[in-house]
Amino acid sequence: MAAMSKIATGNGHGENSPYFDGWKAYETNPFHPIDRPEGVIQMGLAENQLCFDFIKNWLIKHPEASLCTAQGVNKFKETALFQDYHGMPEFRQAVAKFMGKVRGDRVKFDPDRIVMSGGATGAHETVAFCLADPGDAFLVPTPYYPGFDRDLKWRTGVELVPVNCESSNDFKITRVALEAAYVKAQEANLRVKGLLVTNPSNPLGTILDRETLKNVVSFINEKNIHLIGDEIYAATVFMDPEFVSISEIIEEDGVECNRDLIHIVYSLSKDMGFPGFRVGIVYSYNDAVVSCARKMSSFGLVSSQTQHLIASMLSNDDFVDNFIAESKELLFKRHKYFTWSLSQVGISSLKSNAGLFIWMDLRKLLRENTFEAEMELWRVIINEVKLNVSPGSSFHCNEPGWFRVCFANMDDNTMAVALLRIRTFVLKNNEAMVPPRKLCRRSSLKLSLSRRMDDLMSPSIMSPHSPLPQSPLVRART
């Protein structure tokens, strides 16, 4: 039998990671409130399901947006026929307008620079293909999304060099860390072609402030390397400070930058909760990259039917304005209640204002300050607590004990069960974590939690538009 290719038989896809192992544990025993009440709850999927009712109501009122309705069927032939690599003009215009709206209309995007791809996964690979040769390297601040090891590396042969960021300054990107990573790459005889930053950050749920972004732009300009801004969580910022895009920074007075070095990856998978639509976007200020990426888009075009629906939806100003406001409100409430609930049993997390997850600090639960101890704890959480959370080591975090936990991919009842499992586990295994003023007697605390869970299950508060409002942090919005 003829051998398969080295790429096909290698480990480049990165599935030998705890991040993917957690998914497999969930898939073999998924939680269901009736059929599998003891199953694994999926908290490793960064998915936004909080606005589905809002979107569904719009679709009901606008059946013409879908080709699968009597009102939209007249567009069927037009969209079923061949579309060129540029995509439908109305689709590109709508996406460009939405990108600007998400950024407060402080910057405008040119529809002619919108290039389609099959989700952010395809967009990242396309950019890597355009900018680097096999063996070249990109710098990536840690912790970073595990999928980058697949998206940028697997088929392109590109290397990733971590920029080590520390919890002591909330994992902020510093010039010192950037320079250290750049030197490390040179010592390894790697040619650095670019820097990839995720803003808002996955997994941190934080945004890059204006000064940090200016330093990043200054760094890549001095080194004459590319800057890829992954901004796929731009519309998930749910409280101040506001999101600042790289596109805003390069237009500011006094900022020197070769715009040919600037590229943005975007998608509708996170901001709108449409990962199944596979809408990825490459937006580059470099004409040659736009041209090359458009040729490559033939390998991952967005279907015409999806383009038609998205164009109809995002061209509706009322929908976009109301969606952004609704999503922000629901994410704010869910995040506040989730972090408040964890704090009741002494679990803290990195202060964040964006994303669909928190960066949970379980360092106090480690047997020792090692990655081996982190994996031991993770296996207990997966196999005994039955929660798929992702260990920090899978995000290349250089400090053991951090875990990413997603909070927006489940309904209120499932979240209540997940929180109860976490509380029960912490109380059982490390009672000392609970602050003395909240400890009292374990039995009374368990009774209090039990009563609160009864309250959570009350039908009167289970509206998807008012998730879990009894937390004082939810009611007293600041």
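The values are calculated or read from the model by the stated rules, or taken from the named source; none is laboratory data. Note that the structure is a prediction, hence the values are computed from the model and not measured. Here Cβ is always computed from backbone atoms with ideal geometry, including for glycine, and neighbour counts include all displayed protein chains.
Residue-by-condition table, conditions (1) over 18 Å from E125 (Cβ atoms); (2) within 21 Å of the chain's Cα centre (by Cα):
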position: L190; (1), (2): yes, no
position: K193; (1), (2): no, no
position: L213; (1), (2): yes, yes
position: V255; (1), (2): yes, no
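Determine which single condition V161 fails, assuming it passes every other condition in (1) surrounded by fewer than 21 Cβ atoms within 10 Å (Cβ to Cβ); (2) among the aliphatic types (A, V, I, L, M); (3) over 23 Å from the mean Cα position of the chain (by Cα).
(3)
Could you grab the pairs with beta carbons closer than 9 Å, sequence gap of 6+ or different chains, first residue in segment 2-19 and loosely packed, with under 10 Cβ neighbours inside 10 Å, second one part of a helix (DSSP H, G or I)?
A3/T9
Mind listing just one residue for me: the one in segment 208-267 that is of a type in the set (G, A, S) and surrounded by 19 or more Cβ atoms within 10 Å (Cβ to Cβ) and, of those, nearest to L152 (Cα to Cα)?
Residue satisfying both the conditions and the ranking: G229.
Sort out which residues of segment 33-51 are surrounded by 12 or more Cβ atoms within 10 Å (Cβ to Cβ) and either out of contact with any Pro (no Cβ under 9 Å at 6 or more places or on another chain) or not β-branched (V, I, T) (or both), and write them in order of number.
Passing the criteria: R36, G39, Q42, M43, G44, L45, A46, E47, N48, Q49, L50, C51.
Is it true that V140 is hydrophobic (A, V, I, L, M, F, W, C), within 18 Å of the chain's Cα centre (by Cα) and not assigned by TED's automatic domain parsing to the domain that holds F357?
yes
If you go through segment 274-297, how many residues are in contact with a strand residue (DSSP E or B) (Cβ under 7 Å, 6 or more places away or on another chain), hydrophobic (A, V, I, L, M, F, W, C) and assigned to a helix (DSSP H, G or I)?
Going through segment 274-297 one residue at a time, the tally reaches 3.
Here's the yes/no breakdown for (1) closer than 23 Å to K270 by Cβ; (2) at pLDDT below 75:
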site: M1; (1), (2): no, yes
site: R36; (1), (2): no, no
site: G39; (1), (2): no, no
site: N48; (1), (2): yes, no
site: D53; (1), (2): yes, no
site: Q71; (1), (2): no, yes
site: F91; (1), (2): yes, no
site: V95; (1), (2): yes, no
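Which ones in segment 341-361 are closer than 29 Å to H396 by Cβ and either in a helix (DSSP H, G or I) or polar (S, T, N, Q) (or both)?
Answer for segment 341-361, where residues must be closer than 29 Å to H396 by Cβ and either in a helix (DSSP H, G or I) or polar (S, T, N, Q) (or both): S341, L342, S343, S348, S349, S352, N353.
Would you mind stating whether E251 is assigned by TED's automatic domain parsing to the domain that holds D110, touching a helix residue (DSSP H, G or I) at 6+ places or on another chain (Cβ under 7 Å) and at pLDDT below 95?
It is false that E251 is assigned by TED's automatic domain parsing to the domain that holds D110, touching a helix residue (DSSP H, G or I) at 6+ places or on another chain (Cβ under 7 Å) and at pLDDT below 95.
Of the residues that make up segment 323-335, is at least one under 30 Å from S66 (Cα atoms) and in a loop (DSSP other than H, G, I, E, B)?
no
How about segment 245-273: which of its residues are in contact with a Phe, Trp or Tyr (Cβ under 9 Å, 6 or more places away or on another chain), of a type in the set (A, V, I, L, M) and assigned to a loop (DSSP other than H, G, I, E, B)?
Listed by number, the residues that qualify are I250, L268, M272.
Residue check: is G104 within 28 Å of L152 (Cα to Cα) and in the same structural domain as K193 (by TED's automatic domain parsing)?
The answer is no for G104.
Given the structure, is S312 among the small types (G, A, S), surrounded by 19 or more Cβ atoms within 10 Å (Cβ to Cβ) and more than 21 Å from the chain's Cα centre (by Cα)?
So S312 passes the test.
Would you mind listing the helices (runs of 4 or more DSSP H) fully within segment 362-478 where at least 1 residues are at pLDDT 50 or above and within 25 Å of L204 (Cβ to Cβ)?
371-380, 412-429
I'd like the residue in segment 110-133 that is within 24 Å of F219 (Cα to Cα) and outside any helix (DSSP H, G or I) and, out of all such residues, is nearest to the chain's Cα centre (by Cα).
A132
Check off (1) closer than 19 Å to G276 by Cβ; (2) outside the structural domain of C130 (by TED's automatic domain parsing) for K333 and give me the number that stays unchecked.
(1)
Among the residues of segment 268-291, is any surrounded by fewer than 23 Cβ atoms within 10 Å (Cβ to Cβ), assigned by TED's automatic domain parsing to the domain that holds T126, more than 23 Å from K56 (Cβ to Cβ) and among the basic types (K, R)?
Within segment 268-291, not a single residue is surrounded by fewer than 23 Cβ atoms within 10 Å (Cβ to Cβ), assigned by TED's automatic domain parsing to the domain that holds T126, more than 23 Å from K56 (Cβ to Cβ) and among the basic types (K, R).
Could you tell me whether segment 294-311 includes any residue that is more than 26 Å from I358 (Cα to Cα), modelled with pLDDT of 95 or more and not aromatic (F, W, Y)?
no
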